[in-house]
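For reference, the structure is listed below as structure tokens.
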Amino acid sequence: MRAVIQRVLSSQVIVQGETVGQIGQGFNVLVGISVEDTTEDVKYIFEKVKGLRVFEDEEGKMNLSLTEVQGEILLISQFTLYGDARKGRRPSFIHAAKGEQAEALYEELAAKLRAEGLPVAKGIFGADMKVHIENDGPVTILLDSKKTF
């Protein structure tokens, strides 16, 4: 599972001209699910998102978590995070999970975050979405539940 986390002042997602999800300060989280992902990958991303300390404290250091700043999450599915463009000019998406599997894990992640008391707005799974992001910093973190460095 991959997640691109952007610290934002605000973010919204629009589907067919209608705002379907909107947040103030917090995280815009683009999440991609691979064919190999399981509940363990959801748990990894969940733990990282809830505990990531990238908000500034009173000394201007990135030391505060989403919970500590009472931030929100806009969670958006994005299968293109598994696009492999190493060969040729058109990305291959063979490692991206298909609809039913991906949606179940996406919804599991949203449910875990909400159960933790975090406000979670979402896009619409599989829809053509327009995302408006007011980056803060900008601060962007890439998470991958399978990568080890």
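The values are calculated or read from the model by the stated rules, or taken from the named source; none is laboratory data. Predicted model only: the values in this text are computed from it and were never measured. Please note: Cβ atoms are built from the backbone with ideal geometry, for glycine as well, and neighbour counts cover all protein chains shown.
Structural remarks
- Consider the stretch 128-149 and keep the residues that are loosely packed, with under 14 Cβ neighbours inside 10 Å and of a type in the set (A, V, I, L, M, F, W, C). The one that is nearest to Gly21 (Cα to Cα) is Leu142.
- Those strands (runs of 3 or more DSSP E) lying entirely in the stretch 1-107 with at least 3 residues among the hydrophobic types (A, V, I, L, M, F, W, C) and either closer than 18 Å to Thr140 by Cβ or in contact with a helix residue (DSSP H, G or I) (Cβ under 9 Å, 6 or more places away or on another chain) (or both): 2-15, 26-32, 72-77
- Scan of the stretch 108-144 for residues that are touching a Lys or Arg at 6+ places or on another chain (Cβ under 6 Å), in a strand (DSSP E or B) and more than 14 Å from Gly32 (Cβ to Cβ), ordered by number: Val120, Asp136, Gly137, Val139
- Being of a type in the set (Asp, Glu) and free of Cβ contacts under 8 Å to residues at least 12 places away in the same chain is not true of Glu72.
- Of the candidates Val42, Val15, the single residue that is within 18 Å of Gly99 (Cβ to Cβ), at pLDDT 95 or above, surrounded by fewer than 22 Cβ atoms within 10 Å (Cβ to Cβ) and β-branched (Val, Ile, Thr) is Val15.
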